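Enquirer: Questions regarding the structure given below will be posed in turn.
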Amino acid sequence: DARLWWHDPARLFALAQEMGIPMVLDTAHADSAPLRLRGVYDLYRGRIANVHLSDARPKDESQPKWLQTIARHHQVPGGGSLPLDAFVAGMVADGYTGPLTLELSQTALAFWSPNEARRRLAKAREWAENATGKATANERG
């Protein structure tokens, strides 16, 4: 609901500035804002302490609101319609070196199937490493 102050990126940014605190950018939720993902990033740039990375599917008004939350947000990268490749490349080019947290829903991971959940997690991790050009500590030796 855009009438609520915490749904307004500009008001959140002003509060963070006033309080002198960093911000978390959630890609799936940022894209729901009127500014869209890149606009929220441009607004928050310089205050971002962590990026919660996930994809999001387009809004489906035929679904009840509670189902939208489950089925739309926090998808595995590539499982939605956000321009995550370009977004992460832009962040890296801007010099962002903070944490990138994969925030994925249980349904996006197919939690009912442990083998499938592991496969999807591995795919998401590989995507994030490729997108940022970084390997994990385990892979570096």
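Enquirer: Would you look at the GNM of the chain, springs on alpha carbons closer than 10 Å, and say which of ALA86, ALA71, ALA108 moves the most?
Expert: Greatest mean-square fluctuation among the candidates belongs to ALA86.
Enquirer: To continue, here is another question. State whether the range 1-74 is rounded, prolate or oblate according to the following rule on the C-alpha gyration tensor (a ≥ b ≥ c being the square roots of its eigenvalues): a/c under 1.5 gives rounded; otherwise a/b larger than b/c gives prolate, and the remaining case gives oblate.
Expert: It is prolate, given that a/c is not under 1.5 and a/b is the larger ratio.
Enquirer: To the nearest 0.05, what FRET efficiency results for ASN50 and LYS123 with a Förster distance of 25 Å applied to their C-beta separation?
Expert: So the FRET efficiency works out to roughly 0.70.
Enquirer: Express the accessible area of the chain per residue in Å², computed with a 1.4 Å probe while the remaining protein chains stay in the model.
Expert: Accessible area per residue: 61 Å².
Enquirer: Set the Förster distance to 35 Å, then compute FRET efficiency between GLU116 and ASP8 from the Cβ-Cβ distance, nearest 0.05.
Expert: Given R0 = 35 Å and the Cβ-Cβ separation, E is 0.40.
Enquirer: Loop-only check: which chymotrypsin sites (Phe, Trp or Tyr not before Pro) in the range 58-141 are DSSP coil with at most 16 other Cβ within 10 angstrom? Let's see the in-between values first.
Expert: Details: sites: TRP66, PHE87, TYR96, PHE111, TRP112, TRP127; in loops: TYR96, PHE111, TRP112.
Passing sites in the range 58-141 are PHE111, TRP112.
Enquirer: Here is a further query. Out of ALA93, PRO58, PRO77, whose Cα points farthest toward the positive end of the dipole of the range 55-97 (charges: +1 Lys, Arg; -1 Asp, Glu; placed on Cβ)?
Expert: Checking the options against the dipole of the range 55-97, the answer is PRO58.
Enquirer: Rounded, prolate or oblate: pick one for the chain, where a ≥ b ≥ c are the square roots of the eigenvalues of its C-alpha gyration tensor, a/c under 1.5 means rounded, and failing that, prolate if a/b is larger than b/c, else oblate. Working shown, then result.
Expert: Values: a/c = 2.06, a/b = 1.13, b/c = 1.83.
Because a/c hits 1.5 or more and a/b fails to exceed b/c, the chain counts as oblate.
Enquirer: Right, next: With a 1.4 Å probe and all protein chains in place, put SER32, SER105, SER62 in order of accessible area, largest first.
Expert: SER62, SER32, SER105
Enquirer: Summing -39500 (n - 2.57) over the DSSP H runs of n ≥ 4 in the chain and dividing by its residue number, what mean residue ellipticity at 222 nm do you reach, to the nearest 500 deg cm²/dmol?
Expert: -14000 deg cm²/dmol
Enquirer: Give a quick list of trypsin sites (Lys or Arg not before Pro) in the range 31-69 that DSSP marks as loop, anything other than H, G, I, E or B, with at most 16 other Cβ atoms within 10 Å.
Expert: Answer in residue order: ARG45, ARG47, LYS59.
Enquirer: Compute the separation of the alpha-carbon centres of the range 45-77 and the range 89-117 and state it in Å as a whole number.
Expert: First find each Cα centre; the distance between them is then 12 Å.
Enquirer: Placing unit charges on C-beta atoms (Lys and Arg positive, Asp and Glu negative, everything else neutral), compute the dipole magnitude of the range 1-80 about its Cα centre in debye, rounded to 20.
Expert: 60 debye
Enquirer: While we're looking at this one, here's another question. Calculate the dipole size of the chain relative to its Cα centre from +1 charges on Lys and Arg beta carbons and -1 charges on Asp and Glu beta carbons; express the result in debye to the nearest 20.
Expert: Magnitude of the dipole: close to 180 debye.
Enquirer: Kindly list the residues of the range 31-75 that lie in the label zone of GLN17, defined by a backbone N under 14 Å from the point 7 Å along the Cα-to-C-beta vector.
Expert: Counting backbone N atoms under 14 Å from the label point, the list is 42-48.
Enquirer: May I ask you to rank THR27, THR69 by accessible area, largest first, using a 1.4 Å probe over the protein chains only?
Expert: Largest to smallest exposure gives the sequence THR69, THR27.
The values are calculated or read from the model by the stated rules, or taken from the named source; none is laboratory data. Please read all numbers here as calculations on a predicted model, not as lab measurements. Here Cβ is always computed from backbone atoms with ideal geometry, including for glycine, and neighbour counts include all displayed protein chains. For accessibility, only protein heavy atoms count, side chains too; no ligands or nucleic acids. Shrake-Rupley method; radii C 1.70, N 1.55, O 1.52, S 1.80 Å.
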